[in-house]
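Here's the structure, in structure tokens; my notes come after.
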Amino acid sequence: DNLPVCDCDPGYDLYHDLYCFPHVEADADADAESDADGATEADGAPEAEDVPVFTYDWQTGDWGTCSAICGGGTQSRRVTCVRSDGVSVEDALCSGTRPASSRACNTDPCCTTDALVQNRRCDGSEQVQWIHFGSDTGSAEDRAACASQCTTWAAGRGMSAWCCQLYEDSSSGTLWVCRVYDAATSHATAEADRYAGAGRCR
């Protein structure tokens, strides 16, 4: 038993040149695990707890210019889903209702007063507002300013139609007066110092 030999039969290993012992295979799984551990340490792979965790939120821009100054228009803005590190991502990653990217604007009706025409005066006699102009001449600038003020005053009070009149107030010398009437039309007159035009909101 275990006598000194020079060579061993297949499947045996020679020990100290004296004895033969059955060959034992190395544990491949243990070696692989050891190699894997070594690679992880060498490569500096991140641990699970080092992986960043992101959150996602909706981000909105400023509203743009309305497409109309009156009568109803639309305006838009940018809506983006943004990751917590500031990177824009696909909308599907954000939770909750997506903010509106467009809306209606300037929905008030469009109001205007026609250019005031000479030798016309407003129908009816009920004036609802007057604005003293001072010592003016009934010039084109005066007529345009009067029409603008009539429009602002009447529209601000919800009037749908009116008549605007500019004329020289003889009781005050050369004091020109701009007046708004509840009548919607004007008629011709021989008086050269009277100008009138219709106003409306639509």
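How high is the relative contact order of region 66-117, given as a whole-number percent (alpha carbon pairs under 8 Å, six or more residues apart)?
Details: 63 pairs, mean separation 24.4, N = 52.
Relative CO of region 66-117 lands at 47 percent.
The smallest convex shape that holds all Cα atoms of region 55-158, its convex hull, gives 170 Å³ per residue.
Each reported figure results from applying straightforward, stated rules to the coordinates on display, with no laboratory input. Values in this document were obtained by computation on a predicted structure and should not be read as measured data.
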